[in-house]
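All remarks here apply to the structure that follows.
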Amino acid sequence: GNSVTQMEGPVTLSEEAFLTINCTYTATGYPSLFWYVQYPGEGLQLLLKATKADDKGSNKGFEATYRKETTSFHLEKGSVQVSDSAVYFCALSGNTGFQKLVFGTGTRLLVSP
Amino acid sequence: NAGVTQTPKFQVLKTGQSMTLQCAQDMNHEYMSWYRQDPGMGLRLIHYSVGAGITDQGEVPNGYNVSRSTTEDFPLRLLSAAPSQTSVYFCASSSSRTSGSGHNEQFFGPGTRLTVL
């Protein structure tokens, strides 16, 4: 079945540091890939997405590229801020009908001033 | 638009008690779903619905019932709560109309934190 593996946290960084959170997936066919973010005490919000190979999703300075050859979708940001502290989830879904989301375990990011 | 709303925000139950977690959306979305979030396990799909009167099981359906009598509401029922159901529960909704990218974004509610003693 489909699955998502992402690096365990927490990831602890200083403000303005470079961020990478690794995500790899196993899926049949051609899934869509997502990063969701969960701020403390809140629900999940879609951060970015990519729906086909070599697509780059981007939002709020975060980027991730759909790499089919390595089955990866790593999240990057060039300069993190304290306000980026949150839990980040990598996820995949199919592309037809009800698109069941399969999530990774989540990676907590802590950014200090 | 209020988006996806969930009540209550917090709930404590004793083993064997029953309760219903409420979920409502005002975006006229056809698809609705329930996930549970547990430490180290991400979110897992419990049940989902593709329209009023139609529901199906997800990855972890045991111990939960759902029904969908209206487009707006999708309640989750725990018939006899167990400590293993201690979790944070999220409801989500999405449109059946495919966007240009072929993906329909799922919108999540703020969650219900449930503790079963």
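Below is a table of values for the structure above.
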item: Relative contact order (%) - region B:2-61, alpha-carbon pairs under 8 angstrom, separation at least six; result: 24
item: Mean shadow area of region A:34-87, taken as a quarter of the surface of its Cα convex hull (nm²); result: 3.9
item: R0 of 25 Å, Cβ-Cβ distance A:N22-B:Q57: FRET efficiency to nearest 0.05; result: 0.20
item: Residue of A:G94, A:G41, A:G78 that the Gaussian network model of chain A assigns the largest fluctuation, springs spanning Cα pairs under 10 Å; result: A:G41
item: Pairs of alpha carbons in chain B whose separation is greater than 16 Å (percent); result: 58
item: Taking N as its residue count, the alpha carbon Rg of chain A over 2.2 N^0.38 Å; result: 1.02
item: For region A:101-113, Karplus couplings with θ = phi - 60° (6.51, -1.76, 1.60), whole Hz, Gly/Pro x; result: 8, 10, 9, x, 7, x, 10, 7, 10, 10, 10, 9, x
item: Partner chain coverage, peptide A:99-107 - average Cβ within 10 angstrom; result: 6
item: Computed over chain A: relative contact order in percent, which uses C-alpha pairs under 8 Å that are six or more apart; result: 36
item: Relative contact order (%) - region A:50-113, alpha-carbon pairs under 8 angstrom, separation at least six; result: 24
item: Positive minus negative residues near A:T51 (Lys, Arg vs Asp, Glu; Cβ under 13 Å); result: +1
item: Most fluctuating residue given options B:T71, B:T15, B:T86, as computed from a GNM of chain B linking Cα atoms under 10 Å; result: B:T15
item: GNM flexibility winner over chain A from A:K68, A:K60, A:K49 (Cα, springs under 10 Å); result: A:K60
item: Pair B:T115, B:K14: separation of 7 Å Cα→Cβ label points (nm); result: 1.6
item: Largest to smallest accessible area among B:D38, A:D54 [probe 1.4 Å]; result: A:D54, B:D38
item: Dipole axis of chain B (+1 Lys, Arg; -1 Asp, Glu on Cβ), positive-most option in B:T112, B:S69, B:S80; result: B:S80
item: Per-residue HN-Hα couplings for region B:20-35 [Karplus 6.51, -1.76, 1.60; θ = phi - 60°; Hz; x = Gly/Pro]; result: 10, 8, 9, 9, 9, 9, 10, 9, 6, 7, 7, 8, 9, 8, 10, 10
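The values are calculated or read from the model by the stated rules, or taken from the named source; none is laboratory data. Nothing here was measured: the structure is a model prediction, and the numbers come from that model. No Cβ is skipped: glycine too gets one built from the backbone with ideal geometry, and neighbour counts run over all protein chains shown. Heads up: the accessible areas ignore ligands, DNA and RNA and are worked out on the full protein's heavy atoms, side chains in. Shrake-Rupley method; radii C 1.70, N 1.55, O 1.52, S 1.80 Å.
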